[in-house]
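The values are calculated or read from the model by the stated rules, or taken from the named source; none is laboratory data. This one's a predicted model, so the numbers in the text were calculated from it and none came from an experiment. Here the Cβ positions follow ideal geometry from the backbone for every residue, glycine too, while neighbour counts run over all protein chains shown. These area figures cover heavy atoms from the full protein model, side chains too; ligands, DNA and RNA do not enter into them. Shrake-Rupley method; radii C 1.70, N 1.55, O 1.52, S 1.80 Å.
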Amino acid sequence: MKLTSLTAALSLLASPLAAQDKVTLMLDWFVNPDHGPIIVAQERGYFADVDLDVEIIAPADPSDPPKMVAAGQADLAVSYQPQLHMQIHEGLPLKRVGTLVATPLNCLLVLEDGPIKTPADLAGRKVGFSVGGVEEAVLGTILRKHGVPLDDVELVNVNWSLSPSLMSGQVDAVIGAYRNFELNQMDIEGVAGRCFFVEEEGLPPYDELIYVANSETMDPDMIRRFLAATEKATQYMVNHPQASWELFSGTSKELQDELNKRAWADTLPRFALRPAAMDAGRYARFESFLHDAGLVPAINDVADIAVDVTAQ
C-alpha cells in the first residue's frame with residue numbers, strides 16, 4: 001500500500017501542469033489608470049487562476065486594436081462603444097463582449113475663467129478635436145441643445161494635443177477630452193478647466209471603454225474567464241484603493257506621478273463592477289443616435305453589436 005501510494009504521488013509530481021490558454025489583449029493606448037482592472041488582474045494572478053496566459057500589448061496606433069482583432073491578429077481589444085457601432089457598419093466582424101469603463105469619460109472642455117460659460121457661447125469660436133466623425137456628432141448634439149448649429153463653430157484638428165491647445169489659446173474649447181485626465185492635467189499646470197459632461201448635454205449614456213472580440217471566431221469560454229478575472233480585480237480595487245494603486249503604479253516608473261495618481265482616483269468609481277453584464281437598451285439607443293446623426297446608414301440589431309457571453 002505504501003509503495004503504491006508513493007508511486008501514485010511521484011506520478012502526479014511528474015505529470016505536467018495543465019496548460020494555460022494564451023490570450024492576446026490589445027489596449028487602446030499606452031498603459032494608464034483606465035486599464036486598472038487588467039493590470040491588477042495580471043499582477044494578482046487572477047488570470048492565471050482561471051488558466052489564462054494574457055499578453056497585454058499597447059498599440060503603436062490607437063486605431064489599430066479593433067482592426068487587429070477583426071483580422072485575427074489578437075483575441076481581444078480595449079475599444080470604445082461609439083466607434084464599435086461605426087466599425088460594424090464598415091464591415092468589421094467585431095462584437096462587444098464586456099465593459100471596462102461603464103460611463104462616458106468624454107467631455108466638452110473649456111477654461112474655467114474663460115469666456116465660455118455655456119456651450120451657447122461657442123458660436124463663432126474654435127473647437128479642437130482629435131477624432132473626426134463621432135466627435136463631430138457629439139459636439140453637434142451639444143450645440144443643438146443650446147441653439148447653435150455646428151456650422152457656427154470652426155473645427156480645428158489638434159491631433160492628441162487637447163488640453164495644450166486649449167491652454168495656449170489655439171482653440172476656445174475641445175471635444176473628446178477625458179474628464180479623468182485632461183482636467184487633472186490642466187489643474188496640475190495651474191490652469192483651471194471646466195467640463196460640460198456629454199451625458200448631461202443631450203447624448204445617450206454609453207460605455208466609454210469596452211472589450212471587443214471577433215464575432216466570427218471568438219471563444220466565449222475564454223472570454224468568460226477573462227471577464228471573471230477582471231471583475232475580481234475591480235472588486236479588489238474598490239475594496240483596497242490605496243493598495244491597488246500601489247500595485248498598479250509599481251509596474252512602471254512612468255505611472256508614478258501626480259497625474260496618474262489623480263486619474264486613478266477619478267476613474268475608480270467608473271469601472272464596470274459587472275464587466276460581463278450587458279444593457280441592451282444602452283446599445284440600441286446609441287445606435288439610433290448615430291443613425292439620427294447621419295453617421296450610420298441603418299440601425300443594426302443589438303445582437304449584431306453586443307453579446308452577454310455568460311448567456312451563451
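Against the conditions (1) part of a helix (DSSP H, G or I); (2) surrounded by fewer than 18 Cβ atoms within 10 Å (Cβ to Cβ), Met222 satisfies every one except (2).
Residue count for the range 123-178, restricted to those that are assigned to a helix (DSSP H, G or I) and either more than 16 Å from Leu111 (Cβ to Cβ) or out of contact with any strand residue (DSSP E or B) (no Cβ under 7 Å at 6 or more places or on another chain) (or both): 17.
Sort out which residues of the range 235-289 are open to solvent by 60 Å² or more (accessible area, probe 1.4 Å), outside any helix (DSSP H, G or I) and either free of Cβ contacts under 8 Å to residues at least 40 places away in the same chain or among the aromatic types (Phe, Trp, Tyr) (or both), and write them in order of number. Residues satisfying the conditions are His240, Gln256, Asp257, Asp279. Could you look through the range 99-130, keep only residues that are acidic (Asp, Glu) and in contact (Cβ under 8 Å) with a residue 40 or more places away in the chain, and pick out the one that is nearest to Pro37 (Cα to Cα)? Going through the qualifying residues, I end up with Glu112.
Can you confirm whether Asp207 is surrounded by 17 or more Cβ atoms within 10 Å (Cβ to Cβ), acidic (Asp, Glu) and under 29 Å from Asp75 (Cβ atoms)? So Asp207 fits the description; yes.
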